[in-house]
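Since the structure comes first, as structure tokens, the remarks are kept for the end.
Every number in this text was worked out from the coordinates using simple rules, so none of it is lab data. All of these numbers come straight from a predicted model, not from anything done at the bench. Methodologically, a virtual Cβ is constructed for each residue, glycine included, from the backbone with ideal geometry; neighbour enumeration extends over all protein chains shown.
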Amino acid sequence: MRALHGGEAYGIRMKRVSRLTWGGFVCLLLVACAEPPTAQAELVFGTICSINLYEQGSPKIYETLFSRLREIDLTMSATKADTAVDRINQNAGIRPVPVPPDLMEVLEQALTYAALSEGAFDPTVGPLVQCWAIGSENPRIPEALEIEESLSLIDWQDVVIDREAATVFLRRPGMALDLGAITKGYAADEMAELLQKAGITRAIIDLGGNIVAYGTKSQDEPWRIGIQDPLDSRGSYLGILTVRHKSVVTSGVYERYAEIDGKRYHHILSTQDGYPVSKGLLSVTIIADRSIEADALSTAAFALGYEKGRALVESMDHAEAIFVFEDKQIRGTSGALAWFTLKDPQFSLNP
Ligand code: ADP
Ligand code: MG
């Protein structure tokens with residue numbers, strides 16, 4: 001993955017971005033910004049996070065926002081050492097681990113979406129993520145036995161939450177949490193909350209493609225968010241969503257993948273067969289009021305496939321979805337299609 005909007009075009013001031021690994025960057029493209037804004041970008045969650053507060057930005061507010069992002073990463077990362085998630089994983093099958101309230105909240109939400117998706121989305125997918133290592137420097141196709149072992153360790157119902165003691169326990173040794181499919185959504189909601197407290201009225205929060213189009217672009221003008229063409233290079237989009245105060249999140253085959261022996265393996269893994277999910281979809285975009293919901297649902301719907309994924313989204317009150325198929329068909333819920341304009345004639349729109 002790589003950037004869809006360059007720092008220049010949007011006046012993004014790259015700060016502390018020492019390593020521009022484009023893997024895991026923006027899946028959506030913000031289009032048509034009138035004036036060159038000030039913004040800030042940093043590498044957090046292993047991806048580029050940028051926040052654009054336009055004329056309302058200041059070093060102080062940017063520091064408040066980014067220090068909160070770093071704090072969330074240092075609590076919820078499954079790959080960094082000594083995060084709360086890492087401690088839970090190290091103590092799987094051994095003992096419950098005290099966790100801070102924000103992690104408790106994310107985990108409870110993750111378990112809710114695990115139940116709703118009947119385990120297609122599962123925060124205990126860690127062992128499988130580790131053995132494929134997609135997105136790392138050494139991705140590989142695991143042996144059948146490893147896949148089998150990993151699958152046997154995945155079960156969200158073996159996460160024991162003790163709210164009173166504020167602890168989390170993974171019942172079996174070898175189990176591991178991976179909250180990569182939901183953390184950025186939570187973080188984006190946190191950003192929106194901080195902006196609200198600061199009295200900021202418009203912003204684009206883009207955490208590696210997990211977008212919150214906060215407020216409206218101007219008094220009467222909505223935001224225009226491009227949906228990446230999953231088959232094309234970064235920066236070309238298949239259509240545009242016109243939204244006000246919404247989160248837009250995409251999960252897809254192009255987000256993060258490894259090429260092994262000429263074949264692509266993407267990073268959303270099937271908790272059924274242990275391989276990258278293959279259900280005829282290239283991407284699923286969710287438009288929702290809360291970004292944590294959009295993030296969890298985009299992964300869940302992608303993992304479930306079109307029919308079950310669509311049914312899940314339609315069962316939710318404030319969520320809409322756009323499904324892009326391998327055969328270049330696009331389908332979506334009625335609310336989503338009302339906001340969507342198709343731009344690329346290679347694709348065709350079906351209700
Ligand atoms: P991104 O991280 O690019 O925004 P997603 O939100 O779809 O994309 O999350 C994908 C990440 O979630 C993977 O990199 C992995 O860490 C984790 N994951 C992979 N498969 C599953 C699954 N079936 N359920 C829950 N999390 C998953
Ligand atoms: Mg997700």
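Loop-located chymotrypsin sites (Phe, Trp or Tyr not before Pro) in region 135-201 (DSSP state other than H, G, I, E, B) with a sparse environment of at most 10 neighbouring Cβ atoms within 10 Å are absent. Using only side-chain charges placed at the Cβ, +1 for Lys and Arg and -1 for Asp and Glu, the dipole size of the chain relative to its Cα centre rounds to 800 debye. Of the trypsin sites (Lys or Arg not before Pro) found in region 69-177, those in coil by DSSP whose Cβ has at most 12 other Cβ atoms within 10 Å are Arg163. Shown here for region 286-351: GluC sites (Glu not before Pro) in loop regions (DSSP other than H, G, I, E, B) with at most 13 other Cβ atoms within 10 Å, namely Glu326. In terms of the Cα gyration tensor, with a ≥ b ≥ c the square roots of its eigenvalues, is region 223-351 rounded because a/c is under 1.5, prolate because a/b exceeds b/c, or oblate? Because a/c hits 1.5 or more and a/b fails to exceed b/c, region 223-351 counts as oblate. Which helices pass in the chain if a helix is a full DSSP H run, must span at least 24 angstrom along its long axis by Cα, and must have mean Kyte-Doolittle hydropathy not below -1.0? Those that pass (Cα extent of 24 Å or more, hydropathy at least -1.0) are 59-76. Residues whose amide H comes within less than 5 Å of that of Thr38, counting only those at least five positions distant or on another chain, are Tyr54 (H built at 1.01 Å from N in the peptide plane).
Cα-based Rg of the chain per 2.2 N^0.38 Å, rounded to two decimals? That ratio works out to 0.94.
Around the Cα centre of region 62-148, unit charges on the Cβ atoms of Lys, Arg, Asp and Glu (plus for the first two, minus for the last two) sum to a dipole of about 180 debye. Scalar couplings 3J(HN,Hα) for region 259-268, obtained by applying the Karplus form with A = 6.51, B = -1.76, C = 1.60 to θ = phi - 60°, are 9, 10, 6, x, 10, 8, 10, 8, 9, 9 Hz; x denotes Gly and Pro.
Compute for region 84-174: radius of gyration divided by Kirkwood radius, i.e. Rg/Rh, restricted to C-alpha atoms, rounded to two decimals.
On the way: Rg = 13.7 Å, Rh = 13.9 Å.
For region 84-174, the value is 0.99.
Taking the charge dipole of the chain about its Cα centre, with +1 at Lys and Arg Cβ atoms and -1 at Asp and Glu Cβ atoms, the residue from Leu116, Leu238, Leu282 reaching farthest to the positive side is Leu238. Of the options Gln56, Pro96, Leu170, report the single residue whose Cα projects farthest towards the positive end of the charge dipole of the chain (beta-carbon charges: Lys, Arg +1; Asp, Glu -1). Farthest towards the positive end: Gln56. Across Glu193, Glu221, Glu137, mean-square fluctuation computed from a Gaussian network of the chain (C-alpha pairs under 10 Å connected) peaks at Glu137. Each Lys and Arg Cβ is given +1 and each Asp and Glu Cβ -1; about its Cα centre, region 240-318 then shows a dipole of about 140 debye.
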